[in-house]
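Note sheet for the following structure.
The values are calculated or read from the model by the stated rules, or taken from the named source; none is laboratory data. The structure presented is a predicted model; accordingly, all values stated were derived computationally and were not measured. So basically every Cβ, Gly included, is an ideal-geometry build from the backbone, and we count neighbours across all protein chains shown. Surface areas here come from the heavy atoms of the whole protein model, side chains and all, with no ligands, DNA or RNA. Shrake-Rupley method; radii C 1.70, N 1.55, O 1.52, S 1.80 Å.
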Amino acid sequence: MWQTLVHYSNHFLVIFFIAWVYSPTQFWKAYLILLSTMLVDIDHLWAVPVFDPDRCSLGFHTFHSEIAIVIYVLGMFLFKQQWIKLFCIGLVFHIITDCIDCLWSGV
Ligand SMILES: [Zn+2]
């Protein structure tokens, strides 16, 4: 239960804080951009089975692959446009959240 709570708190609540720190004047725009990073989980749809509690997303799903993660990290530093940079920050935070879940599950 704690694992699920932490996982979804990171995906929905902690990004509230990140959005507020990143852009207090355009908080909702920042929050929606961070929320949109959940779209990378669309790659679960072409996995069989779609959901497997004993599988770690990292390194398995397309948008959770090592190459994708490197692109997200580089994007945080290379993009100058603040909203694209924030999107990359959100993707990295998404990966960190999934990583915590994998470590917690021991998979
Ligand atoms: Zn994910």
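The C-alpha atoms of the chain define a longest principal axis, and helix 27-36 lies at about 30 degrees to it.
Where is the GNM fluctuation largest for the chain (alpha-carbon springs, 10 angstrom cutoff): Val14, Val40, Val50? Its mean-square fluctuation being the largest, the pick is Val50. Taken along its principal axes, the alpha carbon cloud of region 1-44 reaches lengths of 34, 25, 11 Å, longest axis first. Per-residue surface analysis assigns Thr62 an accessible area of about 70 Å², computed on protein heavy atoms at 1.4 Å probe radius.
Across the chain, Cα pairs under 8 Å and at least six residues apart give a relative contact order of 31 percent. Treating the Cα atoms of region 58-98 as identical point scatterers in vacuum, please give the log10 of the normalised Debye intensity I(q)/I(0) at q = 0.18, 0.22, 0.29 Å⁻¹, two decimals. Relative scattering, expressed as log10 I(q)/I(0), comes to -0.43, -0.62, -0.94.
The residues of the chain have, on average, 63 Å² of accessible surface per residue, using a 1.4 Å probe with all protein chains present. Of the trypsin sites (Lys or Arg not before Pro) found in region 1-98, those that fall in a DSSP loop while having at most 13 other beta-carbon atoms within 10 Å are Lys80. Against the chain, whose longest principal axis is taken from its Cα atoms, helix 66-78 shows a tilt of about 10°. Note on the chain: percent of Cα-Cα distances in each 10 Å bin, starting at 0 and stopping at the bin with the largest distance, equals 15, 45, 32, 8, 0.
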